[in-house]
Amino acid sequence: MQVPLLDLKLQYRELREEIRARIDAVADAQAFILGPEVEALEREVCEYTGAAHAVGVSSGTDAELAILMALGVGPGDAVVTTPYTFFATAGCVARLGARTVFVDIDPETFNISPALLRRCLEEKRAERVRAIIPVHLFGLSCRMDEIGEIAREHGVPTIEDAAQALGAEFPGMGRCGSMGDFGYYSFFPSKNLGAFGDGGMIVCREEAMAQNIRALRNHGMEQRYYHHMVGGNFRLDALQAAVLRVKLPHLDRWSAKRRVNAEIYRGEFARAGLMGTIALPNEPFAASGAANHHIYNQFVIRAPRRDELLAHLAKRQIGHAIYYPVPLHRQECFAGLGYKEGDFPESERAARETLALPIYPELTPEQLRYVVESIAEFYAG
Ligand SMILES: *Cc1c(COP(=O)(O)O)cnc(C)c1O
């Protein structure tokens, strides 16, 4: 049996006719940049997330860059986030000449630890901290209640990196992206809502900021060819918006299916007697009754002898990935930040111990069982 980490062809098969018709409509109109499809998607993302304003952009990375630009982040400024995330989260900060200050994760959730964030901000009073970027990693919301409180106490805006968490909820507060001052999503094909290429979306609370960001995504111009600030080309294509508009109404159903698969994994790992060996992802908000308490962009486990297990899974034709093998404070390009091994022990341990298993909605129970059987076989051998 083969179990790929992700198979997008199955999702496409389901929506093929509808998507092709919408692509044809854009082709017939020959209007490709921004326009009505993008505006409609922006409205739909507002409705779906509860955010006040949405601005379609060219990627999740460009979304973050544009938000930091709108805040005027630059040399001499600091931005706080975790080292256990995708590169872009800290890369954008560096591109603007600002400094990333890292805070370690909570080992139970892989998300930024509110207690350590509080301590960091208290110690960094002298530094110009211009933003906090909580990352809702793997589709699980950060503790936005505590983070929001800390941010308010220090008068620092929050930018939610919801690239992996479109639709995920923090109980009683709302959907990821809509709880902070800003949020952003990625429509990279392998994210829960994937485009046919790159795409992203910014959401924010204030109308004036949304207007500012709209100008920034288009070279800083409002009136054509008049530039009162320097922006970039961060525009979303109409073709991508057309595809995403077909998919968005299905997102909650797909997320529910991912949770069903996670439950099947839990049952199978328990039956195989592996619960003392493997650590499965925690669901800290499951009891809250919030439907999208986790949306499983990734199903990430901790496993002893992780690298040997990976080799075994490869032999059994089971897809897998490590998110992420090198925490950002240990990346060569960030050596100048002056961090060293041991500075963020939980991020370092997660990088050593974790691996992601297939979790996409179209997986069959037989495939999930095969994954667990293969892991059981490894630890029995
Ligand atoms: C994917 C991702 C991004 C970047 O999004 P792109 O659309 O690929 O530029 C940023 N942060 C996190 C956590 C991501 O997973």
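The values are calculated or read from the model by the stated rules, or taken from the named source; none is laboratory data. Keep in mind it's a predicted model, so treat the numbers as computed, not measured. When we count neighbours, we look across all protein chains shown, and the Cβ atoms used for this are built from the backbone with ideal geometry, even at glycine. Keep in mind that these areas ignore ligands, DNA and RNA; they rest on the heavy atoms of the full protein, side chains included. Shrake-Rupley method; radii C 1.70, N 1.55, O 1.52, S 1.80 Å.
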Looking only at region 291-309, and only at residues there that are in contact (Cβ under 8 Å) with a residue 24 or more places away in the chain, part of a helix (DSSP H, G or I) and open to solvent by 10 Å² or more (accessible area, probe 1.4 Å), the one that is nearest to the ligand (Cβ to nearest atom): ARG306
So if I check each of TYR339, TYR323, which one is over 19 Å from LEU5 (Cα atoms), at pLDDT 95 or above and either open to solvent by less than 50 Å² (accessible area, probe 1.4 Å) or within 18 Å of the chain's Cα centre (by Cα) (or both)? TYR339
Only one of ALA98, ALA66 is of a type in the set (A, V, I, L, M), touching a residue at least 60 places away in the same chain (Cβ under 8 Å) and surrounded by 19 or more Cβ atoms within 10 Å (Cβ to Cβ), namely ALA66
Provide a single number: the residues in region 174-192 that are open to solvent by 10 Å² or more (accessible area, probe 1.4 Å), part of a loop (DSSP other than H, G, I, E, B) and closer than 16 Å to ASP252 by Cβ. 3
Give ILE112, ILE105, ILE159, ILE150 a once-over and let me know the one that is more than 25 Å from GLU353 (Cβ to Cβ) and within 16 Å of the ligand (Cβ to nearest atom). ILE159
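What number of residues within region 219-240 are over 30 Å from THR364 (Cα atoms) and either in contact with a strand residue (DSSP E or B) (Cβ under 6 Å, 6 or more places away or on another chain) or touching a residue at least 24 places away in the same chain (Cβ under 8 Å) (or both)? Give the steps one after another, and end with the answer.
So the first thing to find is which residues in region 219-240 are over 30 Å from THR364 (Cα atoms), and the list is 219-239.
So of that shortlist, the ones also either in contact with a strand residue (DSSP E or B) (Cβ under 6 Å, 6 or more places away or on another chain) or touching a residue at least 24 places away in the same chain (Cβ under 8 Å) (or both) come out as 220-221, 227, 231-239.
Matching residues across region 219-240 total 12.
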Subset of region 43-101 [of a type in the set (A, V, I, L, M, F, W, C), away from the ligand (no atom under 16 Å from the Cβ) and in a helix (DSSP H, G or I)]: CYS46, ALA70
Could you list all residues from region 329-381 that are part of a loop (DSSP other than H, G, I, E, B), of a type in the set (Phe, Trp, Tyr) and over 21 Å from PRO281 (Cα atoms)? TYR339
Candidates SER347, SER288, SER374, filtered to the one that is open to solvent by less than 10 Å² (accessible area, probe 1.4 Å), among the hydroxyl-bearing types (Ser, Thr, Tyr) and in contact with a Pro (Cβ under 7 Å, 6 or more places away or on another chain): SER347
So LEU274 fits all but one of (1) more than 25 Å from SER113 (Cβ to Cβ); (2) surrounded by fewer than 17 Cβ atoms within 10 Å (Cβ to Cβ); (3) out of contact with any strand residue (DSSP E or B) (no Cβ under 9 Å at 6 or more places or on another chain); what number is the exception? (2)
For region 193-212, how many residues are open to solvent by less than 40 Å² (accessible area, probe 1.4 Å) and within 16 Å of the ligand (Cβ to nearest atom)? 9
Out of region 118-135, which residues are under 22 Å from TYR84 (Cβ atoms) and outside any helix (DSSP H, G or I)? LYS124, GLU127, VAL129, ARG130, ALA131, ILE132, ILE133, PRO134, VAL135
